[in-house]
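Undergrad: Before I ask anything, let me first share the structure, which is written out below as structure tokens.
The values are calculated or read from the model by the stated rules, or taken from the named source; none is laboratory data. Here the structure is a predicted model, which means the values were calculated and not measured. Please note: Cβ atoms are built from the backbone with ideal geometry, for glycine as well, and neighbour counts cover all protein chains shown. With ligands, DNA and RNA removed, areas are computed over all heavy atoms of the protein, side chains included. Shrake-Rupley method; radii C 1.70, N 1.55, O 1.52, S 1.80 Å.
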Amino acid sequence: MTLHFGVLIPSTNTTVETELSRLPPGYQAHYGRLYTSTPGHPFAPSRDEDIDYQSKLLGTARVQMVMLMQTSASLFADDYDDVVSRRMSAAANGVPATTSADAVGRGLRALGVKRIALVSPYSVEASARAKRYFSRRHGLEVVVVEGFAATDAYAIGNLGPEMARDAFVRVDRPEIDAFVVPGANFPTMASISEWEREFKKPVVTSTQAALWAMARQLGGAPLKGYGRLLEQLPSL
């Protein structure tokens, strides 16, 4: 059985399609691109009309679920995840929908995580929003925030995964249960298992968590090589 799922990404994203091309044949992604609602603000949510239209197009492909891979969008309003998930679902013939940010939070809770280190590629402002988001929406204790202060999505796409690993070295401490790396334009998928082996802790990233949410929702098979969240597919 092949799972067909829709993936909405910002028009500036240059990473997600490459990351998801690693998946086995049982997972088939279909894409739609979105324009920002606030030109000049690189981390702002995408336009509602684009989300509606692209979700409707994905619905015509009979996808079984729609995921918004724009983690930063969820940081701007407390109810964004709920509102936009309803919009995507309604436009795509009522199939389930989720955001990558909400999937990260739920995935961490499914792993039993309480305290996290947030290793963020975002700007200082967006990283502060991410800390509030994971604390307020998901009840997680953000022990430390380490960021790369990227000014826009293009800068994030050009960051190397070694920057995350170096950040883990700087901030690791016994009270941290897991590392969180938000931002679907930051390439992480090929490095997650290696990071977990080295640091002996779960690593949860935006693309990985969205895949976990989809696999749990649709009954997908575990995915080896992308960290324990996808290898174990824990339930929440």
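Undergrad: Would you tell me the accessible area of residue 175, worked out with a 1.4 angstrom probe on the heavy atoms of the protein chains, in Å² to the nearest 10?
TA: Here the accessible area works out near 80 Å².
Undergrad: For the chain, what is the number of Lys pairs with C-alpha distance below 21 angstrom, counting only pairs 8 or more positions apart or on separate chains? Show your work: numbers first, answer last.
TA: Values: 114/131; 114/200; 114/201; 131/201; 200/224; 201/224.
For the chain, qualifying lysine pairs total 6.
Undergrad: Just the number, please: carbon plus sulfur as a percent of the accessible area of the range 49-129, 1.4 Å probe, no ligands or DNA/RNA counted.
TA: Details: 1470 of 3050 Å².
Carbon-and-sulfur percentage of accessible area, whole number: 48.
Undergrad: Another question about this same structure. Mind ranking 86-97, 160-171 by how tightly packed they are, going by the mean number of other C-beta atoms within 10 angstrom, highest first?
TA: Working: 86-97: 18.8, 160-171: 15.0.
In descending order of packing, they fall as 86-97, 160-171.
Undergrad: Taking 7 Å along the Cα-to-C-beta vector as the label spot, tell me the residue 151-residue 232 distance in nanometres, rounded to one decimal.
TA: Between residue 151 and residue 232, the simple spin-label model gives 4.1 nm.
Undergrad: Using 7 Å Cα-to-Cβ label points, what is the residue 79/residue 49 separation (nm, one decimal)?
TA: The two pseudo-label positions are separated by 2.3 nm.
Undergrad: Looking only at the chain, where both bridge partners belong to it, what percent of the DSSP beta bridges are antiparallel (to the nearest 5)? Numbers along the way, then the final one.
TA: Working: 1 of 27 bridges.
Here the antiparallel bridges make up roughly 5 percent for the chain.
Undergrad: Okay, next question. Rounded, prolate or oblate: which fits the range 137-192, taking a ≥ b ≥ c as square roots of the Cα gyration tensor eigenvalues, rounded meaning a/c under 1.5, else prolate when a/b beats b/c? Could the numbers behind the result be given before it?
TA: Values: a/c = 1.88, a/b = 1.52, b/c = 1.24.
Verdict is prolate for the range 137-192.
Undergrad: Over the chain, calculate the relative contact order: mean separation of alpha carbon pairs under 8 Å at least 6 apart, over the residue count, as a percent. List each step's numbers first, then the result.
TA: On the way: 486 pairs, mean separation 47.4, N = 236.
Once divided by the residue count of the chain, the mean separation gives 20 percent.
Undergrad: Next up: Once you have a ≥ b ≥ c as the square roots of the Cα gyration tensor eigenvalues for the range 1-79, tell me rounded if a/c is under 1.5, and otherwise prolate or oblate according to whether a/b is larger than b/c. Mind showing how you got there, number by number?
TA: Numbers: a/c = 2.20, a/b = 1.65, b/c = 1.33.
The shape class here is prolate.
Undergrad: Count the net charge of all other residues whose Cβ sits under 9 Å from the Cβ of residue 191, scoring Lys and Arg as +1 and Asp and Glu as -1.
TA: After counting each charged neighbour, the total is -1.
Undergrad: What does the charge count around residue 66 come to, taking other residues whose C-beta lies under 14 Å from its C-beta (Lys +1, Arg +1, Asp -1, Glu -1)? Can you show the working numbers first?
TA: Details: positive: 33, 56, 62, 86, 87; negative: 50, 52, 81, 102.
With Lys, Arg at +1 and Asp, Glu at -1, the net is +1.
Undergrad: What whole-number distance in Å separates the alpha-carbon centres of the range 159-236 and the range 29-97?
TA: Here the two parts' Cα centres lie 23 Å apart.
Undergrad: Obtain the nm distance between the two label points defined at residue 109 and residue 162 by a simple spin-label model: each point lies 7 Å from its Cα along the Cα-to-C-beta direction.
TA: Result for the modelled spin labels: 3.8 nm.
Undergrad: For the peptides 21-27, 137-143, what is the packing order when you average, over each peptide's residues, the other Cβ atoms within 10 Å and list the highest mean first? Write out the running numbers ahead of the final one.
TA: On the way: 21-27: 12.3, 137-143: 16.4.
The peptides rank, most packed first, as 137-143, 21-27.
Undergrad: Oh, and also: Show me the ranking of peptides 217-223, 98-104 by mean Cβ neighbours inside 10 Å, starting with the highest. Don't skip to the answer; put the middle values down first.
TA: Values: 217-223: 15.9, 98-104: 27.4.
So the order, starting with the most tightly packed, is 98-104, 217-223.
Undergrad: The list (i) 13.1; (ii) 10.9; (iii) 14.5 gives values of mean projected area of the Cα convex hull in nm², and only one came from this structure; which label was calculated from it?
TA: Evaluating mean projected area of the Cα convex hull in nm² on these atoms matches (ii).
Undergrad: I would also like to ask the following. Based on alpha-carbon atoms only, what is the radius of gyration of the range 1-41 relative to the globular estimate 2.2 N^0.38 Å?
TA: Numbers: Rg = 12.6 Å, N = 41, 2.2 N^0.38 = 9.0 Å.
The range 1-41 yields a ratio of 1.39.
Undergrad: Here is a follow-up. Leaving out ligands, DNA and RNA, what percent of the accessible area of the range 170-235 is carbon and sulfur, probe 1.4 Å? List each step's numbers first, then the result.
TA: On the way: 1060 of 2380 Å².
About 45 percent, which is the carbon plus sulfur part of the accessible surface.
Undergrad: Gain in length, residue 221 to residue 175, computed as 0.36 nm per residue apart minus the alpha-carbon separation, to one decimal in nm?
TA: Working: separation 46, 0.36 × 46 = 16.56 nm, distance 3.19 nm.
Value of the extension gain: 13.4 nm.
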